[in-house]
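Reading through the structure tokens given below for one structure.
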């Protein structure tokens with residue numbers, strides 16, 4: 001629905017001027033935000049509020065509650081343009097400050113698109129009770145109006161809703177004289193003001209033409225056609241274009257001068273406190289209400305007049321109820337008696353009224369009738385009829401819930417329900433069965449059940465419920481709607497409840513087994529590929545994609561031959577591989593080649609299941625580590641044999657020379673020195689092997705830890721490695737304050753000797769070494785970081801990842817001897833002392849090895865600060881630690 005466009009600012013200015021002196025409320029709101037644009041003094045005086053208190057719709061609505069309380073929140077929100085916006089809205093309510101029903105209040109609101117934005121213009125005005133019938137747009141009683149000359153005028157008005165223009169497509173002589181225009185002449189809103197119509201009445205006239213419903217307006221702001229009496233303007237839409245670009249309506253002005261009310265009434269004895277009387281026209285609309293109508297409905301009769309009787313029943317039942325009314329309304333049936341589902345306001349509790357309707361010749365084409373409250377009788381009959389159909393003796397729980405009351409309370413529960421839940425029928429009647437859910441009211445089944453109940457459809461849900469003794473069980477709930485046979489309204493729900501706890505437990509156990517298998521497949525390093533007898537792939541575990549680098553989704557639906565071909569494309573160039581036969585294993589190098597890094601060694605094992613329709617299984621496992629271990633062991637044996645053979649050869653050769661003949665003292669001494677050096681070299685190699693084997697044999701508690709003076713350990717290690725015969729500068733920053741770390745003094749000294757000897761071996765001659773000590777925090781703890789930095793050949797990023805691997809050497813065939821075990825021993829010893837080893841290195845830029853040692857607290861009082869070490873120490877050969885990189 002579109003607003004009425006008003007392009008003439010003069011109408012707005014006239015509206016303000018007329019509103020200033022009006023004793024009753026006139027005001028304007030922003031239709032979008034609800035902000036108060038302006039209001040007259042009558043609004044503030046009548047509502048008893050200040051302009052600040054009426055600043056928005058909420059404030060205005062609070063002020064209006066006293067005056068519009070009988071309308072209900074829904075009607076008030078429509079009038080204020082909150083829930084819906086129509087070009088014209090009207091409410092007729094009794095005046096709370098008036099006496100009885102003698103004074104009513106007419107509330108009008110017009111939704112207008114002005115040059116200043118979209119406005120909602122509001123007006124409230126008193127109407128005498130005797131004039132209410134004149135505001136009935138469907139009234140066809142000309143005898144009630146004056147027949148004086150000039151007391152009537154009519155025309156057909158077309159309104160361009162989007163452009164704010166209008167013209168009379170037809171007008172009779174009185175209307176032409178009044179407006180002073182000729183037929184077909186284009187009109188503006190200002191023309192109506194010049195003819196004597198009030199500004200608000202002009203807006204109401206144009207908005208009423210754009211509205212979809214007929215409306216009658218009481219024009220009393222200013223006299224018309226030299227008549228002092230008020231006039232009624234009846235607007236009847238003449239096309240279905242209401243709210244679109246063009247709206248057309250039939251207009252009829254009628255003077256109320258000399259009018260006297262007259263209406264036929266039903267004449268029969270009434271029970272005034274419980275029986276309402278009514279009259280319906282041929283279309284089923286209410287034309288008269290009396291008796292106990294307001295008591296039964298809670299609505300003023302004026303609010304119901306002109307509405308269809310079917311408007312006061314639930315929307316889902318209107319079609320069926322109208323079908324039952326039609327024969328009487330059309331004269332095909334003399335009388336009707338039925339139970340009418342009564343819902344005066346949408347969402348209010350449903351009641352049942354006994355409707356009696358009959359044709360009354362004195363009323364012309366109208367029907368007379370009465371309404372009597374029959375809620376208790378109808379509900380009792382419904383429950384009794386349902387109970388006769390319920391199987392009260394089955395062990396499953398049976399309940400019946402009332403669909404017409406909030407919360408769907410239980411009205412019937414069988415013995416099976418008591419057996420299932422432990423609650424007796426007297427403990428559940430009148431309550432919603434939701435109490436069985438205990439603390440699990442947010443479970444998924446609750447939402448599905450609520451949606452089904454609200455939409456009136458059947459539902460089957462499984463929910464966790466609690467018995468009266470507190471035990472938990474799974475309840476399969478089947479709900480089916482029960483409809484009223486006449487109106488088709490859903491009045492009750494039939495519920496069947498069954499204990500399915502054993503079934504749920506069985507399903508949960510099966511689901512756990514499936515989840516365990518899926519988890520096993522998902523996290524297992526073993527890849528499995530299964531193919532049927534025709535070679536189609538049936539199964540592949542996630543590990544297959546991780547091991548082969550193939551897209552698991554792309555393999556789905558392929559054949560075993562296609563899988564084999566995809567694997568062969570992953571084999572490095574120049575590698576000859578063969579597909580394993582059942583019972584065989586083959587190792588394939590996958591993923592190697594230029595730009596793809598080193599190959600992963602994957603073992604393929606094939607197996608057949610002839611008893612399972614030729615099922616073929618391929619098992620894939622990563623044997624890279626085993627292959628590398630075998631290679632490194634082979635390399636180690638070759639290296640160890642070479643390293644052992646060289647000193648042994650020297651020792652054997654020189655001892656044979658000494659035994660074969662006599663040599664001079666100097667030659668003899670030189671040969672003995674050579675034998676000694678080679679023996680020391682051989683001893684160092686054997687020492688590394690023995691240290692590593694001891695560590696593996698002794699386990700994590702090989703030695704006892706305690707506070708260790710770090711400066712003293714560093715001094716002893718430097719004395720072993722840097723000797724006066726081979727000077728090497730040492731740049732150190734250890735500080736003079738003693739530092740205590742957690743560890744083992746001898747093992748920590750061995751670690752430092754290994755690191756310092758490696759720094760010397762892999763650095764140029766006389767290249768300086770750096771030692772740094774500082775405090776740091778890692779993982780919320782205090783550590784001492786001792787770093788050893790050399791200026792040697794450094795390590796590549798690829799070698800850094802394998803540095804602490806057994807038997808690994810960055811340059812296995814290089815000039816620097818070693819076994820690849822020294823750093824392994826370093827890392828093992830440091831971690832057993834609760835520390836960590838970190839390495840930073842770049843090829844050709846040297847290396848830094850950092851020991852993170854736990855702080856052992858302040859040193860003992862007897863500890864004497866370590867004397868400063870010299871800035872440079874002479875270097876000498878040291879005992880080989882075998883800590884090759």
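Quick check, is residue 480 more than 30 Å from residue 411 (Cβ to Cβ), within 37 Å of the chain's Cα centre (by Cα) and surrounded by fewer than 15 Cβ atoms within 10 Å (Cβ to Cβ)? Walk me through how you get there before you give the answer.
Values: more than 30 Å from residue 411 (Cβ to Cβ): no; within 37 Å of the chain's Cα centre (by Cα): yes; surrounded by fewer than 15 Cβ atoms within 10 Å (Cβ to Cβ): yes.
No.
From the list 92, 64, which one is outside any helix (DSSP H, G or I) and surrounded by 14 or more Cβ atoms within 10 Å (Cβ to Cβ)?
92
Looking at region 793-831, which of its residues are in contact with a helix residue (DSSP H, G or I) (Cβ under 8 Å, 6 or more places away or on another chain) and either part of a helix (DSSP H, G or I) or at pLDDT 85 or above (or both)?
822, 823, 824, 825, 826, 828, 829, 830
Please specify each residue of region 512-530 satisfying the condition of being farther than 23 Å from residue 591 by Cβ and modelled with pLDDT of 80 or more.
Pass one, region 512-530, residues farther than 23 Å from residue 591 by Cβ: 512-520, 530.
Scanning region 512-530 gives 512, 530.
Look at residue 15 and say whether it is in the same structural domain as residue 216 (by TED's automatic domain parsing), touching a helix residue (DSSP H, G or I) at 6+ places or on another chain (Cβ under 8 Å), modelled with pLDDT of 85 or more and part of a strand (DSSP E or B). Full working, then the answer.
Working: in the same structural domain as residue 216 (by TED's automatic domain parsing): yes; touching a helix residue (DSSP H, G or I) at 6+ places or on another chain (Cβ under 8 Å): yes; modelled with pLDDT of 85 or more: yes; part of a strand (DSSP E or B): no.
No; evaluated as a whole, the condition is false for this residue.
Please pick out the residue among 512, 522 that is in a helix (DSSP H, G or I), touching a helix residue (DSSP H, G or I) at 6+ places or on another chain (Cβ under 8 Å) and surrounded by fewer than 18 Cβ atoms within 10 Å (Cβ to Cβ).
Working: 512 fails: touching a helix residue (DSSP H, G or I) at 6+ places or on another chain (Cβ under 8 Å).
Just a single option satisfies the conditions, and that option is 522.
With the requirement that a residue be within 30 Å of residue 73 (Cβ to Cβ) and either in contact with a helix residue (DSSP H, G or I) (Cβ under 6 Å, 6 or more places away or on another chain) or surrounded by 15 or more Cβ atoms within 10 Å (Cβ to Cβ) (or both), what does region 346-368 give you? Step through it out loud before you land on a result.
From region 346-368, those within 30 Å of residue 73 (Cβ to Cβ) are 346-355; that's our starting set.
Hits for region 346-368 are 350, 351, 352, 353, 354, 355.
Filter region 639-653 down to residues that are at pLDDT 75 or above and buried (at least 18 other Cβ atoms within 10 Å of the Cβ) and give me whichever is farthest from residue 675 (Cα to Cα). Give the derivation first.
Filtering region 639-653 for residues at pLDDT 75 or above gives 648-653.
From what is left, the residues that are buried (at least 18 other Cβ atoms within 10 Å of the Cβ) are 650-651.
Working: 650: 7, 651: 5 Å.
Among them, the one singled out is 650.
Tally up the residues in region 333-349 that are outside any strand (DSSP E or B) and modelled with pLDDT of 90 or more, please. Explain how you work it out, then say what you get.
Within region 333-349, the first condition is being outside any strand (DSSP E or B), and the residues that meet it are 333-334, 343-349.
Next, from what is left, pick out any that are modelled with pLDDT of 90 or more: 343.
Residues flagged as outside any strand (DSSP E or B) and modelled with pLDDT of 90 or more within region 333-349 amount to 1.
Hey, does region 20-38 have a residue that's under 28 Å from residue 347 (Cβ atoms), exposed (fewer than 14 other Cβ atoms within 10 Å of the Cβ) and more than 40 Å from the chain's Cα centre (by Cα)? Show your work before the answer.
Step one: filter region 20-38 for residues under 28 Å from residue 347 (Cβ atoms), giving 29, 31-34.
Next, only the ones that are exposed (fewer than 14 other Cβ atoms within 10 Å of the Cβ) stay: 32-33.
Adding the requirement that they be more than 40 Å from the chain's Cα centre (by Cα) leaves none.
No, because not a single residue in region 20-38 is under 28 Å from residue 347 (Cβ atoms), exposed (fewer than 14 other Cβ atoms within 10 Å of the Cβ) and more than 40 Å from the chain's Cα centre (by Cα).
Which condition number does residue 335 fail, the rest of (1) buried (at least 17 other Cβ atoms within 10 Å of the Cβ); (2) without any contact (Cβ under 8 Å) to a residue 60 or more places away in the chain being met?
The number of the failed condition is (1).
All but one of (1) surrounded by 18 or more Cβ atoms within 10 Å (Cβ to Cβ); (2) part of a loop (DSSP other than H, G, I, E, B) hold for residue 405; which doesn't?
For residue 405, the exception is condition (1).
Give the residue that is farthest from residue 546 (Cα to Cα), with candidates limited to residues of region 593-612 that are surrounded by fewer than 18 Cβ atoms within 10 Å (Cβ to Cβ) and either touching a strand residue (DSSP E or B) at 6+ places or on another chain (Cβ under 8 Å) or modelled with pLDDT of 85 or more (or both).
From region 593-612, those surrounded by fewer than 18 Cβ atoms within 10 Å (Cβ to Cβ) are 593-598, 605-612; that's our starting set.
Those still in the list that are either touching a strand residue (DSSP E or B) at 6+ places or on another chain (Cβ under 8 Å) or modelled with pLDDT of 85 or more (or both) too: 605-609.
Working: 605: 17, 606: 19, 607: 21, 608: 24, 609: 25 Å.
So, considering only residues that are surrounded by fewer than 18 Cβ atoms within 10 Å (Cβ to Cβ) and either touching a strand residue (DSSP E or B) at 6+ places or on another chain (Cβ under 8 Å) or modelled with pLDDT of 85 or more (or both), the one farthest from residue 546 (Cα to Cα) is 609.
Going by the structure shown, is residue 205 in a strand (DSSP E or B) and modelled with pLDDT of 80 or more?
No.
Got a sec? Which of 877, 885, 781 is within 25 Å of residue 691 (Cβ to Cβ) and either surrounded by 14 or more Cβ atoms within 10 Å (Cβ to Cβ) or at pLDDT 75 or above (or both)?
Details: 877 fails: either surrounded by 14 or more Cβ atoms within 10 Å (Cβ to Cβ) or at pLDDT 75 or above (or both); 781 fails: within 25 Å of residue 691 (Cβ to Cβ).
Answer to the selection: 885.
Restricting to region 410-430, and then to whatever is part of a loop (DSSP other than H, G, I, E, B) and modelled with pLDDT under 90, can you tell me which residue is surrounded by the most Cβ atoms within 10 Å (Cβ to Cβ)? Reasoning before the result, please.
To start, the set of residues in region 410-430 that are part of a loop (DSSP other than H, G, I, E, B) comprises 414, 422-424, 429-430.
Restricting the remaining residues to those that are modelled with pLDDT under 90 gives 414, 424, 429-430.
Numbers: 414: 23, 424: 13, 429: 13, 430: 12.
Out of the qualifying residues, it is 414.
The values are calculated or read from the model by the stated rules, or taken from the named source; none is laboratory data. All figures in this text were calculated on a predicted structure; none of them were measured in a lab. Please note: Cβ atoms are built from the backbone with ideal geometry, for glycine as well, and neighbour counts cover all protein chains shown.
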